Amino acid sequence: MDNTVLFLSPDMKHIAGCVLVAVLGTACGDDAPASTPTAPTTIAPPTVTEVWEATLAVGATRFYSFTVPQNGTVNITLARLTEGGADAATPVNIGTGFPAGTGCSTASTAAYSASETPAISVTQPPGVYCVKIMDAGTLTVPVAFRVLIARP
């Protein structure tokens, strides 16, 4: 066995002490888990249906704001689109987003015709949202529309 004695300068002792504290602190940390588990997020189904009826002029855009009170599914349905009282097959653009001043800021819109099937179905956290309807460049006369907003 070698009886060599290791001498450390005061600076080296300080560095060695810091390394030892860091290693022991990591190995002897508290018993708390690294992350706290969270409860699963509940997605509420639509229980309220708001009806928005108005007229869309040629080249125009309209929007309607609504509140989602809890995390849940929102379904937007273009239930009716009529020209002069008769059903219209002309598509219009619909999108959802956030109210912004006197408008509705949407990330995207798509062309839809009237249908009983939701045009848009999304899960939203609590907040204020809007649905926007606009002429897709195909209207030649104003159209009356009915949009259903089903939300929690």
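The values are calculated or read from the model by the stated rules, or taken from the named source; none is laboratory data. Predicted model only: the values in this text are computed from it and were never measured. So basically every Cβ, Gly included, is an ideal-geometry build from the backbone, and we count neighbours across all protein chains shown.
Just to be sure, is GLY59 of a type in the set (Gly, Ala, Ser) and not in a strand (DSSP E or B)?
yes
Between a first residue in the range 87-115 that is of a type outside the set (Gly, Ala, Ser) and a second residue that is surrounded by 17 or more Cβ atoms within 10 Å (Cβ to Cβ) and not in a strand (DSSP E or B), which pairs have beta carbons less than 8 Å apart while being 6 or more apart in sequence or on different chains?
Note: pairs meeting the criteria are ASP87/ALA114; THR90/LEU139; VAL92/LEU139; ASN93/THR109; ILE94/THR109; ILE94/ALA119; TYR112/PRO91; TYR112/ALA119.
Checking the condition surrounded by 13 or more Cβ atoms within 10 Å (Cβ to Cβ) and touching a Phe, Trp or Tyr at 6+ places or on another chain (Cβ under 7 Å), which residue from ARG62, ARG80 passes?
ARG80
Can you tell me which residues in the range 123-152 are aliphatic (A, V, I, L, M) and exposed (fewer than 13 other Cβ atoms within 10 Å of the Cβ)?
Passing the criteria: VAL128, VAL141.
Would you mention how many residues in the range 83-98 are surrounded by 16 or more Cβ atoms within 10 Å (Cβ to Cβ) and in a strand (DSSP E or B)?
So the count comes out to 6.
Find the strands (runs of 3 or more DSSP E) located wholly in the range 100-152 whose residues include 2 or more that are at pLDDT 95 or above and within 21 Å of THR67 (Cα to Cα), and list them.
103-106, 120-124, 127-135, 143-151
Please work out if THR41 is modelled with pLDDT under 95 and either of a type outside the set (A, V, I, L, M, F, W, C) or part of a strand (DSSP E or B) (or both).
On the way: modelled with pLDDT under 95: yes; either of a type outside the set (A, V, I, L, M, F, W, C) or part of a strand (DSSP E or B) (or both): yes.
When the stated conditions are applied, THR41 passes them.
Of all residues in the range 90-128, which are within 20 Å of PRO152 (Cβ to Cβ) and touching a Pro at 6+ places or on another chain (Cβ under 7 Å)?
PRO126, VAL128
Applying the selection to the range 103-122, what residues are under 30 Å from GLY84 (Cβ atoms), surrounded by fewer than 13 Cβ atoms within 10 Å (Cβ to Cβ) and among the hydrophobic types (A, V, I, L, M, F, W, C)?
ALA110, the sole residue that qualifies.
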